[in-house]
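One structure is given below, encoded as structure tokens.
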């Protein structure tokens, strides 16, 4: 006897099929979404000194991580950082127990320090008063990390120790970073090779000896073969010195005009090759940056699209379950058919409106940026018309380049950005410091000059906030001395990075921090190097570039 389903049973089966399909769609979207969402990422990791075991005693280092939030850090959540590894567990690397040595900063947000007592290998920062959105960069600094000297095992000379850091934000948003503690470098042992090579003095002495031999006359004068060999040896030494030190001035102190010309040619060839290599590296970095930005846009698009589709599927399931319940109650004669019919009509009407609105909203979104809508107008034509209208006004021509170029300098910057002449690009004008840097050459009778840096504060700095100034590498030498603004005190003074701490009372918006660094001189080899320093504050970890004038 064949079994025949009645009308109500068929409806129930159809609704169950809809629920199963919607659930399968949600599961598929979730699995597909995991292929694109990266979550929290580590942008950079730095340290104040090289993380290498010292010969004796110990060294103290500051370790900094810059991370990008993968999801919103809610006010009910807290940022934390933990560490693990044999070096930390055995006490070879010791982390500070002072809460003030653990600092987290984000531009525009306040993240309290951890509690006074840290929990083992975990430091948990206080919750921000407001939500910190995803994509925000946070600088996490761990100060006072002690690295003890070498261990006794032979392997400790060649094998670095690893420490794994885990940074966690909102539940499910975390990332890991492994850093290496380099082994003790015993230069005198057979495990390492001591740096060797001819110095300028040695090369000069060798060439002088060759010239003396070439100028020898009489019975002991060199024959033609020896002259040829000595000339080749002298040319090789010239090329070695020029390619190693790359400065014509060093060569000019050693060689006569003919040999100096060879040294100059070698130095020029070396510089040309380095310029081509640097340009190639810059192109590769630019391409990599574009690829990463595109991947971030793809991640954001699929995340937003997944959330919108999930809401639609959830509403379909809710409606289907409600219809199943009404059908069961009606089939069991627990409610009158008129009431069940009215309920079905209401559920389908309200559900159709809600789901239809959501589907229309999804279909109206841009295919590349889910946060934008595609309206019924041509944006390119509108932009061309706006530019044409602007070009027709005589008052706007002063912002244009020669011959009516699209834009020039500051006229290229959009609303909310300003032109930075040092970096040659538009930068956000909010929470940005600005300033100037002037080098005063040594006075008569002195070997050192003075670098004056003036920074205009854009975001008020409080006590214990910091200003970091990084000088260009390879430009200055000497023993630096710091004379700072009355509200600043220097914690590190060098020819590279200088960190200044704000005193009690802080520095208000618009005030200028006058900073003078003395005791330095400009290296002769800095002729072809860029003369630009970078500056930032703890309120804004993004650096600005400032061209140093006077060099």
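General remarks:
- Against the list (1) farther than 17 Å from residue 123 by Cα; (2) part of a strand (DSSP E or B), the condition residue 103 fails is (1).
- Answer from 81, 59 - the residue that is touching a strand residue (DSSP E or B) at 6+ places or on another chain (Cβ under 9 Å), over 26 Å from residue 537 (Cβ atoms) and not in a loop (DSSP other than H, G, I, E, B): 59
- Within segment 116-143, the set of residues being at pLDDT below 90 and in contact with a helix residue (DSSP H, G or I) (Cβ under 6 Å, 6 or more places away or on another chain) comprises just one member, 116.
- The residues on offer are 502, 541, and the sole one that is modelled with pLDDT under 85, assigned by TED's automatic domain parsing to the domain that holds residue 467, under 19 Å from residue 105 (Cα atoms) and in contact with a strand residue (DSSP E or B) (Cβ under 7 Å, 6 or more places away or on another chain) is 541.
- Failed condition for residue 25, given (1) surrounded by 15 or more Cβ atoms within 10 Å (Cβ to Cβ); (2) modelled with pLDDT of 70 or more; (3) out of contact with any strand residue (DSSP E or B) (no Cβ under 6 Å at 6 or more places or on another chain): (2)
- Yes/no for residue 448 being surrounded by fewer than 18 Cβ atoms within 10 Å (Cβ to Cβ), modelled with pLDDT under 90 and not assigned by TED's automatic domain parsing to the domain that holds residue 106: no
- Residue that is part of a helix (DSSP H, G or I), under 33 Å from the mean Cα position of the chain (by Cα) and closer than 30 Å to residue 71 by Cβ, where the choices are 294, 277: 294
- The sole residue among 501, 495 that is within 26 Å of the chain's Cα centre (by Cα) and under 19 Å from residue 139 (Cβ atoms) is 501.
- Some residue of segment 505-514 being more than 25 Å from residue 103 (Cα to Cα) and part of a strand (DSSP E or B): yes
- Pick from segment 52-88, criterion modelled with pLDDT under 85 and within 12 Å of residue 145 (Cβ to Cβ), ranking: surrounded by the most Cβ atoms within 10 Å (Cβ to Cβ): 87
- Filtered by the rule that a residue be assigned to a loop (DSSP other than H, G, I, E, B) and closer than 11 Å to residue 518 by Cα, segment 448-460 gives a lone residue, 448.
- In segment 462-491, of all residues being touching a residue at least 60 places away in the same chain (Cβ under 8 Å), assigned to a strand (DSSP E or B) and surrounded by fewer than 20 Cβ atoms within 10 Å (Cβ to Cβ), the one that is farthest from the chain's Cα centre (by Cα) corresponds to 466.
- Of everything listed in (1) exposed (fewer than 15 other Cβ atoms within 10 Å of the Cβ); (2) more than 55 Å from the chain's Cα centre (by Cα), the single unmet condition for residue 307 is (2).
- Only listed residue being farther than 27 Å from residue 70 by Cα, over 29 Å from the mean Cα position of the chain (by Cα) and surrounded by 15 or more Cβ atoms within 10 Å (Cβ to Cβ), chosen from 337, 320: 320
- Selection count, segment 89-108, where residues are modelled with pLDDT under 85 and farther than 27 Å from residue 161 by Cα: 2
The values are calculated or read from the model by the stated rules, or taken from the named source; none is laboratory data. Note that the structure is a prediction, hence the values are computed from the model and not measured. When we count neighbours, we look across all protein chains shown, and the Cβ atoms used for this are built from the backbone with ideal geometry, even at glycine.
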